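The structure under discussion appears below in the form of structure tokens.
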Amino acid sequence: MEIEKMMKLAVALSREGMQGKKGGPFGAVVVKDGKVVSEGLNEVTSTNDPTAHAEVVAIRNACKALGTFSLEGCQIYCSCEPCPMCLSAIYWARIDKIYFANTKHDAASIGFDDAFIYKEFEKKPENRSIPSIKIEEPEAKKVFDDWHADNEKTRY
């Protein structure tokens, strides 16, 4: 029953954000050991931050609350299947499991269609809608080499 309770909370957050004109109709909850660690709702339009999706906000809040960049041992409950950015953030945060209610197709039906972004990933960088041009800069590789050789770095 915990799953249903947490999902209802994520959905309630999505409604709260929408009705409060914070952003789109999306909410997320990060849970660890059966307890809510953090909540997030979409704040894109109210903060003028295109990365302030509910999942990203919840991840930022969870990391702050737990004092770590790794959310291993946590689950995330999302009112909708995560978009490509949020899914990436979830993987980078090392969250163990994702639960979601609405699908990406449901989101597309109300104007939040990520299909374009998924297609962009498949293209060569120079052929994307926003062209990405590689510039040869030897110092950039040197920084990577120095990171790799640093035995005192914090891996993530």
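Odds and ends about this structure:
- For beta carbons closer than 9 Å, sequence separation of 6+ or different chains, a first residue in segment 130-153 that is part of a loop (DSSP other than H, G, I, E, B) and a second that is open to solvent by less than 100 Å² (accessible area, probe 1.4 Å), the qualifying pairs are Ile130/Glu120; Pro131/Pro125; Ser132/Pro125; Ile133/Pro125; Lys134/Pro125.
- Scanning segment 13-32 for residues that are open to solvent by 20 Å² or more (accessible area, probe 1.4 Å) and either outside any loop (DSSP other than H, G, I, E, B) or closer than 14 Å to Ile76 by Cβ (or both) yields Arg15, Glu16, Met18, Gln19, Phe26, Lys32.
- Filtering Ser38, Ser70, Ser46 for residues that are modelled with pLDDT of 95 or more, closer than 25 Å to Ala108 by Cβ and among the polar types (S, T, N, Q) leaves a single hit, Ser46.
Residues checked against (1) modelled with pLDDT under 95; (2) under 15 Å from Cys80 (Cβ atoms):
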residue: Arg94; (1), (2): no, no
residue: Tyr99; (1), (2): no, yes
residue: Lys104; (1), (2): no, yes
residue: Ala115; (1), (2): yes, yes
residue: Lys124; (1), (2): yes, no
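- Checklist (1) surrounded by 10 or more Cβ atoms within 10 Å (Cβ to Cβ); (2) part of a helix (DSSP H, G or I) applied to Phe121, failing item: (1)
- Every pair of residues 6+ apart whose Cβ atoms lie under 7 Å, when the first sits in segment 49-70 and is farther than 18 Å from Tyr91 by Cβ and of a type in the set (A, V, I, L, M, F, W, C) while the second is in a helix (DSSP H, G or I) and open to solvent by less than 70 Å² (accessible area, probe 1.4 Å): Ala52/Val44
- Residues satisfying the stated conditions in segment 100-118, i.e. part of a helix (DSSP H, G or I) and among the aliphatic types (A, V, I, L, M): Ala107, Ala108, Ala115, Ile117
- Just one residue in the set Ala58, Ala93, Ala52 is under 12 Å from the mean Cα position of the chain (by Cα), over 24 Å from Met18 (Cβ atoms) and open to solvent by less than 80 Å² (accessible area, probe 1.4 Å); that residue is Ala93.
The values are calculated or read from the model by the stated rules, or taken from the named source; none is laboratory data. All of these numbers come straight from a predicted model, not from anything done at the bench. We place every Cβ from the backbone using ideal geometry, glycine too, and count neighbours over all the protein chains shown. Heads up: the accessible areas ignore ligands, DNA and RNA and are worked out on the full protein's heavy atoms, side chains in. Shrake-Rupley method; radii C 1.70, N 1.55, O 1.52, S 1.80 Å.
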